[in-house]
1. Restricting the search to segment 360-390, which residues are assigned to a loop (DSSP other than H, G, I, E, B), open to solvent by 20 Å² or more (accessible area, probe 1.4 Å) and under 19 Å from ASP263 (Cα atoms)?
2. With respect to the numbered conditions (1) touching a Gly at 6+ places or on another chain (Cβ under 6 Å); (2) surrounded by fewer than 20 Cβ atoms within 10 Å (Cβ to Cβ), which one is the sole condition not fulfilled by ASN234?
3. With the requirement that a residue be farther than 15 Å from ALA308 by Cα, of a type in the set (A, V, I, L, M) and assigned to a helix (DSSP H, G or I), what does segment 204-221 give you?
4. Any idea which of (1) over 27 Å from ILE51 (Cβ atoms); (2) touching a Leu at 6+ places or on another chain (Cβ under 7 Å) is the one LEU175 doesn't satisfy?
5. Quick check on segment 195-215: of everything there that is open to solvent by 10 Å² or more (accessible area, probe 1.4 Å) and of a type in the set (S, T, N, Q), which residue is nearest to ligand 2 (Cβ to nearest atom)?
6. Taking ASP119 as the residue in question, decide whether it is under 23 Å from the mean Cα position of the chain (by Cα), among the acidic types (Asp, Glu), more than 16 Å from ligand 2 (Cβ to nearest atom) and closer than 26 Å to ILE273 by Cα.
7. Looking at segment 277-305, which of the residues that are more than 19 Å from GLY369 (Cβ to Cβ) and in a helix (DSSP H, G or I) is farthest from ligand 1 (Cβ to nearest atom)?
Amino acid sequence: MRNFTYQNRTEMIFGKDVENNVGQKLKGLAKKVLIHYGGGSVVASGLLDRIKESLNQAGVAYVELGGVKPNPKIGLVREGVALCREESVDFILAVGGGSVIDSAKAIGIGFYHEGDVWDYFIQKVSVKETLPVGVVLTIPAAGSESSNGCVITNEENEYKRSAGSKIMRPVFAFLNPELTYTLPPYQTACGIVDMFAHVLERYFTNEKGVNLTDRLCEATLKTIVEQGLAVMANPLDYNARAEIMWAGAIAHNGSLGLGRSEDWGSHMIEHEISGIYDIAHGAGLAIVFPAWMQYVHQHDLGRFVQYAEMVWGIPTEGRDEDAVARAAIEATKRFFKQLGMPISFEDGNLPTDKIEEMAEKTVENGPVGSFIKLDKGDVIRILKIAADLK
Ligand code: NZQ
Ligand code: ZN
């Protein structure tokens, strides 16, 4: 096991109706809040009004900026930075999912940079300061509610890039599973795939002697499969919604990757797909991950056999390791299909003529991944497998 330092400052406030206390929580933390939200789901559900009411009652001043789109765009981030400066905002409250939270995080760091906020995303400058960010989460998926990064798309050149720092973890996150009842099934499914992928990126490591985190990963993966299917079957099942919401946070709060190398090759490839085609990140991952698994599994059959046995309950005794590994990849594909996710470009109705461009962009700053380092040729071969995987 490698040396590590771990600190996650996000206070998680979980359960029914918890978000009604957001005003009280902000009192003393903020003089003026930017309430940041998306394309309207929080308006339609009445959540935004309840949040404002909670701030009014606590005597916390605020301004608003809605309109965050999925795969959040740098243009609105720039607007948010200007607004925060004009209004002397000292706290950002993200009410929404990963896109809203990421946009809030980007505004928070942009506030302290005199140049263009995109500079953080091309590593021209590093993050040193941020406005504090709080969260009321409406979709369990990206894990941004307690992660240390954000992912933003530059609509001018279709680049989707991330910035990160430990100071970007939100100060608090309100997680009420009931807020997720209104999610369309497709979005619920995208979220389930994303959190599953966040664990896989950590599970497929070359590090030996990381048994505790292996078991934690396996428990989280199994929970996501069982409870994910339960949520899809009955969207109003509170307990299943709660399990999935908590799993999404655990999957990406950093604890499952401690003491080991993490991979992230599939995420890097996926960001080029959603950067160009503006599809949901979870759907892009459902397309990339099975192809990545097929491409890399022979690198460490033992790890794939462990995945087969511990996550999918596939019998391994006396069986050929490659066959067991392939059975686990099949089980992964079956799970994504059961959720209604595409597992190929063909399934997702995406063209394949930009594979070369996507591969070029993926490795622009060098090879990606760690389980196996992927160069441009590898990425092209993975995307070609993903083109029409069955
Ligand atoms: O915009 P509104 O109207 O709110 O609708 C949203 C959006 O269309 C809708 N929605 C959210 N909560 C809802 C709801 N609809 C009805 N009822 C509710 N309760 O769902 C749609 C998707 O929302 P979005 O925020 O885009 O989803 P998600 O949380 O999956 O975030 C995806 C973004 O996060 C990034 C992804 O790349 C993508 O840009 N990621 C961020 C990470 C991080 N910061 O740590 C890590 C991830 O790997 C990921 O890359
Ligand atoms: Zn993700």
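1. Passing the criteria: VAL363, GLU364, ASN365, GLY366, PRO367, SER370, ILE372, LYS373, ASP375.
2. Of (1) touching a Gly at 6+ places or on another chain (Cβ under 6 Å); (2) surrounded by fewer than 20 Cβ atoms within 10 Å (Cβ to Cβ), only one is false for ASN234: (1).
3. Of all residues in segment 204-221, those farther than 15 Å from ALA308 by Cα come to 205-213, 216.
In the following step, the residues that additionally are of a type in the set (A, V, I, L, M) were identified as 210, 212, 216.
Residues satisfying the conditions are LEU212, LEU216.
4. Unmet condition: (1).
5. Looking at the filtered set, the residue picked out is THR213.
6. Here the answer is yes, as ASP119 does meet what is asked.
7. As a first pass, look at segment 277-305 and keep what is more than 19 Å from GLY369 (Cβ to Cβ): 277-280, 282-283, 305.
Right, trim to in a helix (DSSP H, G or I) and you get 277, 282-283, 305.
Working: TYR277: 13, GLY282: 6, ALA283: 10, VAL305: 27 Å.
Here the answer is VAL305.
Yes/no matrix, rows are residues, columns are (1) in contact with an Asp or Glu (Cβ under 9 Å, 6 or more places away or on another chain); (2) among the basic types (Lys, Arg); (3) closer than 13 Å to GLY98 by Cα:
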| residue | (1), (2), (3) |
| --- | --- |
| VAL117 | no, no, no |
| PHE121 | no, no, no |
| ALA142 | yes, no, yes |
| CYS150 | yes, no, yes |
| GLY164 | no, no, no |
| VAL171 | yes, no, no |
| TYR181 | no, no, no |
| PRO184 | no, no, no |
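The values are calculated or read from the model by the stated rules, or taken from the named source; none is laboratory data. Predicted, not measured: the structure shown is a model, and the values here were computed from it. Cβ: placed from backbone, ideal geometry, glycine included. Neighbour counts: every protein chain shown. For the accessible areas, the whole protein counts, side chains as well, though only heavy atoms, and no ligand, DNA or RNA atoms are used. Shrake-Rupley method; radii C 1.70, N 1.55, O 1.52, S 1.80 Å.
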